[in-house]
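The block underneath contains the structure these notes are about, expressed in structure tokens.
Read-outs: derived from the displayed coordinates by stated rules, not from any lab. Because the structure is a prediction, the values reported are computed rather than measured. Note that we place each Cβ from the backbone using ideal geometry, even for glycine, and neighbour counts take in every protein chain shown.
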Amino acid sequence: MPSPTRTDVPLAGFTTLGLGGPATALAEPVTEAELVAAVRSADERAEPVLVLGGGSNVVVADAGFPGTVIRVSTRGVSLDRALAGPDVAVTVAAGEDWDAVVARCADEGLAGLECLSGIPGLAGATPIQNVGAYGQEVSDTITAVRAYDREERRIAELPAGACGFGYRTSAFKRTPYRPGSATGRYVVLSVTFRLTPGPLAGPTLSAPIRYPELAATLGVAAGDRVPLGEARSAVLKLRARKGMVLDAGDPDSRSAGSFFTNPVLSAAGFAAVEETARRVYGPDTPVPHFPAGDGQVKIPAAWLIEHAGFTKGHQGPAGPDGAGAARISAKHTLALINPGHASTAALLALAAEIRDGVRAKFGVTLVIEPVLVGAEI
Ligand SMILES: Cc1cc2nc3c(=O)[nH]c(=O)nc-3n(C[C@H](O)[C@H](O)[C@H](O)COP(=O)(O)OP(=O)(O)OC[C@H]3O[C@@H](n4cnc5c(N)ncnc54)[C@H](O)[C@@H]3O)c2cc1C
């Protein structure tokens with residue numbers, strides 16, 4: 001029996017921002033076959049489709065979504081220890097809670113995902129924007145993605161090399177389906193990771209700790225390894241301090257995570273930002289930056305936003321619809337918050353204010369990280 005479809009369902013309760021108007025219909029398939037059937041049948045009716053995981057990376061319009069929302073509720077984690085080397089293949093159904101997967105892998109003594117602790121949402125969404133944090137990205141360990149290809153109307157097994165992973169992006173994110181469909185050509189059904197077990201005796205060590213702030217918290221040098229449990233605890237502690245773990249008691253976590261990606265600039269673009277910083281803030285103002293390959297440079301969006309005059313806690317304009325204002329998190333410059341009575345329009349008015357302020361000061365146009373569903377700025 002396929003799961004029932006409900007109609008006219010408000011989406012705010014299904015997003016971590018607590019924002020979004022109603023969907024025409026909502027289905028919650030619990031098996032892979034149901035998930036494929038739900039997408040296939042909506043496509044056959046030419047209805048717009050939004051495949052939704054935990055709703056932690058979407059901004060849904062106040063008007064809602066004029067189509068079918070398919071909320072992935074499939075389950076299953078399997079471990080294959082029979083690979084040629086010592087590594088273990090872990091295959092996870094799209095509907096599994098991501099942090100529970102990370103916790104389980106740490107418990108099983110499998111290294112490779114520990115720095116991705118505490119990221120909200122479901123496993124099936126992790127390849128979409130190649131989630132990353134504290135020096136790890138899922139593309140470091142994904143070996144294959146099983147997906148329903150809406151164009152070809154068949155299930156495809158995509159090796160990692162075909163997934164087009166980049167910084168907060170992938171072929172999944174970049175390959176649209178029909179206009180009006182909020183979800184792209186590929187619906188992720190399951191993801192396979194290759195993780196590394198530890199020695200028979202003693203704890204499994206993490207992958208090398210690359211992120212300086214995490215290394216400092218752990219009291220180790222960058223490149224060192226620590227027991228998996230220690231890495232996970234330190235990441236969760238750092239994230240909680242920044243309001244970056246979901247916590248019903250912390251209004252600063254009512255966000256979609258980082259709202260803007262860190263801009264990747266050409267050498268000339270970076271020189272222009274440095275020149276502005278020197279002119280406006282004095283000759284000794286360093287602009288933090290990291291190499292991003294091909295001579296390009298990545299700079300923290302948070303630095304640009306703060307230096308364009310937007311401080312933590314900054315409140316945006318009231319919503320054009322009379323709703324309350326959205327604000328920047330008091331703990332993290334990149335997170336935009338619905339304090340409780342904002343609307344999507346108010347949130348996007350704040351996002352536009354920040355984007356325009358940074359562009360006016362530094363000539364850099366920030367790119368929005370979450371997926372806008374029926375909304376634009
Ligand atoms: C407090 C907080 C902290 C965060 N921290 C981080 C972080 O450190 N690093 C990071 O990278 N992200 C972070 N995020 C963003 C977010 O958690 C991740 O992008 C996450 O992977 C989204 O998962 P989800 O299931 O909630 O996806 P959703 O928000 O439900 O969906 C996001 C997009 O993926 C698509 N999608 C979802 N599932 C599927 C599927 N099975 N097949 C095809 N398309 C699908 C949707 O259609 C949509 O376009 C954070 C968010 C919050 C709220």
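Okay, here's what the table says:
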read-out: Segment 137-286 - Rg and Dmax from Cα coordinates, angstrom; value: 20.5, 59
read-out: Amide proton proximity set for Ala144, modelled H, under 5 Å, gap of 5+; value: Ala160, Thr192
read-out: FRET E, pair Arg6, Tyr211, Förster distance 30 Å, beta-carbon r, rounded to 0.05; value: 0.10
read-out: Neighbour cut-off at most 14 other Cβ (10 Å), DSSP loop, GluC sites (Glu not before Pro), segment 153-260; value: none
read-out: Value at 222 nm in deg cm²/dmol, rounded to 500, when DSSP H runs of n ≥ 4 in the chain each add -39,500 (n - 2.57); value: -7000 deg cm²/dmol
read-out: Inter-label distance, nm, simple model (7 Å from Cα along the C-beta direction), Arg241/Val77; value: 2.7
read-out: Equivalent ellipsoid semi-axes, segment 59-179, via Cα gyration tensor eigenvalues times 5, rooted, Å; value: 26, 17, 15
read-out: Lysine pairs in the chain with Cα atoms under 14 Å, if 8 or more residues apart or on separate chains; value: 4
read-out: Residue order, fewest to most surrounding Cβ atoms within 10 angstrom, among Trp98, Trp303; value: Trp303, Trp98
read-out: For segment 212-227, Karplus couplings with θ = phi - 60° (6.51, -1.76, 1.60), whole Hz, Gly/Pro x; value: x, 5, 6, 4, 5, 4, 7, x, 10, 7, 4, x, 6, 10, 9, x
read-out: From the C-alpha gyration tensor of segment 298-377, square roots of 5λ in Å; value: 20, 14, 11
read-out: Cα gyration tensor category, rounded, prolate or oblate, for segment 18-75 with a/c compared to 1.5; value: oblate
read-out: Under 10 Å, Cβ to Cβ, from Leu228 - net charge with Lys/Arg +1 and Asp/Glu -1; value: -2
read-out: Inverse mean reciprocal Cα-Cα distance (Kirkwood Rh) of segment 277-344, Å; value: 14.1
read-out: All-pairs alpha carbon distance profile, segment 230-376, 10 Å steps from 0, percent; value: 11, 36, 33, 17, 2
read-out: Extended-chain gain in nm, criterion 0.36 nm per residue less alpha-carbon gap, Arg359 and Thr311; value: 15.6 nm
read-out: Sparse-neighbour loop sites [trypsin sites (Lys or Arg not before Pro); segment 130-163; at most 14 other C-beta within 10 Å; DSSP]; value: Arg153
read-out: Unit charges at the beta carbon, dipole of the chain: most positive-side option, Leu218, Ile305, Ser206; value: Ile305
read-out: Additional length obtainable on full extension of the chain from Glu47 to Ala156, 0.36 nm per residue less Cα span; value: 37.0 nm
read-out: Segment 1-127 - Rg (one decimal) and Dmax (whole number), Cα, Å; value: 16.6, 52
read-out: Value of Rg/Rh across the chain [Cα atoms, Kirkwood radius]; value: 0.97
